[in-house]
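Taking it in order: structure first as structure tokens, then the write-up.
The values are calculated or read from the model by the stated rules, or taken from the named source; none is laboratory data. Just so it is clear, the model here is predicted, and its values are computed rather than measured. When we count neighbours, we look across all protein chains shown, and the Cβ atoms used for this are built from the backbone with ideal geometry, even at glycine. Accessible surface is based on the protein model in full, side chains and every heavy atom, while ligands, DNA and RNA are left aside. Shrake-Rupley method; radii C 1.70, N 1.55, O 1.52, S 1.80 Å.
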Amino acid sequence: MRIISGRYRSLKLNQFPGSDIRPTGDRVKESLFNILAPSVPGARVLDLFCGSGALGIECISRGADFVDFNDVSPASIRLLRSNLAKLKNERAYAVTTGDYALFLRGAKIPYDIIFIDPPYADDSGMGGLQLISRLNLLPPSGVAVYERDRAFRGQVEGLKVTDERKYGKTYLTFF
């Protein structure tokens, strides 16, 4: 797993050992950032179920103004911190360990980009999207990206699906 572009291009990130944790693959990440590229410079970003932090760190590398990282897992936060330590004197981020709903309820300002990538077996992403909409954490010009192992079905009041892409077993739904 590596950073694809920007000032930290080719930086190798630490990963979870084994296959229990599923990071966003390089091919999926490259396709995702080809879509998001114009939106990242100067953006305020939330990596809600951050895991290793690969998506948020990619945003830092590409010029995001600030990234909030959140995960409920202490092991994920340890791995994230080891990856953030590889960045040279970066201070444009904050790290929080806690439940996604508590984090969202405490958010003070909206985000330009929100990554929602919970474990596939967990349906917390839908709850996250509902809170994001209810709390107005995504402005009309913003984008939320929900990563999961199946196509999105249903609706989230206040958010509109603008695109959905399939990469192997991974679906990216854009709101």
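Listed here are the residues, each with its yes/no results for (1) touching a Phe, Trp or Tyr at 6+ places or on another chain (Cβ under 6 Å); (2) exposed (fewer than 14 other Cβ atoms within 10 Å of the Cβ).
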{"site": "ARG2", "(1), (2)": "no, yes"}
{"site": "ILE35", "(1), (2)": "no, no"}
{"site": "ARG44", "(1), (2)": "yes, no"}
{"site": "LEU55", "(1), (2)": "yes, no"}
{"site": "SER76", "(1), (2)": "no, no"}
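Could you tell me whether the range 113-129 includes any residue that is in a loop (DSSP other than H, G, I, E, B), farther than 23 Å from VAL40 by Cα and modelled with pLDDT of 95 or more? If you could, list the steps in order and put the result at the bottom.
Residues of the range 113-129 in a loop (DSSP other than H, G, I, E, B): 117-123.
Those left that are additionally farther than 23 Å from VAL40 by Cα: 119-123.
Next cut, modelled with pLDDT of 95 or more only: none.
Within the range 113-129, none of the residues are in a loop (DSSP other than H, G, I, E, B), farther than 23 Å from VAL40 by Cα and modelled with pLDDT of 95 or more.
If you go through the range 97-112, how many residues are hydrophobic (A, V, I, L, M, F, W, C) and either in contact with a helix residue (DSSP H, G or I) (Cβ under 8 Å, 6 or more places away or on another chain) or over 23 Å from ARG81 (Cβ atoms) (or both)?
We begin by selecting, within the range 97-112, every residue hydrophobic (A, V, I, L, M, F, W, C); these are 101-104, 107, 109.
Applying the additional criterion that residues be either in contact with a helix residue (DSSP H, G or I) (Cβ under 8 Å, 6 or more places away or on another chain) or over 23 Å from ARG81 (Cβ atoms) (or both) yields 101, 104, 109.
Number satisfying all stated conditions: 3.
Which ones in the range 138-152 are hydrophobic (A, V, I, L, M, F, W, C), touching a Phe, Trp or Tyr at 6+ places or on another chain (Cβ under 6 Å), free of Cβ contacts under 8 Å to residues at least 60 places away in the same chain and surrounded by 19 or more Cβ atoms within 10 Å (Cβ to Cβ)?
ALA144, the sole residue that qualifies.
If you take the residues of the range 160-175 that are in contact (Cβ under 8 Å) with a residue 40 or more places away in the chain and in a loop (DSSP other than H, G, I, E, B), which of them is nearest to the chain's Cα centre (by Cα)? Let's see the steps before the verdict.
If we filter the range 160-175 for residues that are in contact (Cβ under 8 Å) with a residue 40 or more places away in the chain, which is where we start, we get 163, 165, 167-168, 170, 172, 174-175.
Still in the list and also in a loop (DSSP other than H, G, I, E, B): 168, 175.
Numbers: GLY168: 19, PHE175: 13 Å.
My answer is PHE175.
Do we find a residue being open to solvent by 60 Å² or more (accessible area, probe 1.4 Å) and closer than 26 Å to PRO41 by Cβ anywhere in the range 64-71? Give the steps one after another, and end with the answer.
Step one: list which residues in the range 64-71 are open to solvent by 60 Å² or more (accessible area, probe 1.4 Å), which gives 65.
With closer than 26 Å to PRO41 by Cβ added as a condition, the list becomes 65.
Yes, some residue in the range 64-71 is open to solvent by 60 Å² or more (accessible area, probe 1.4 Å) and closer than 26 Å to PRO41 by Cβ.
List every residue pair whose Cβ atoms lie under 8 Å apart, where the two residues are 6 or more positions apart in sequence or sit on different chains, the first residue falls within the range 87-101 and is over 19 Å from ASN14 (Cα atoms) and in contact (Cβ under 8 Å) with a residue 40 or more places away in the chain, and the second residue, located anywhere, is in a loop (DSSP other than H, G, I, E, B) and not charged (D, E, K, R).
Note: pairs meeting the criteria are TYR100/LEU48; TYR100/PHE49; TYR100/VAL72; TYR100/PRO118.
Being under 18 Å from the mean Cα position of the chain (by Cα) and part of a loop (DSSP other than H, G, I, E, B) is the filter here, so list the residues in the range 136-150 that pass it. Outline the logic, then answer.
Filtering the range 136-150 down to residues under 18 Å from the mean Cα position of the chain (by Cα) leaves 136-139, 141-150.
Across the range 136-150, the qualifying residues are ASN136, LEU137, LEU138, PRO139, SER141, GLY142, ASP149, ARG150.
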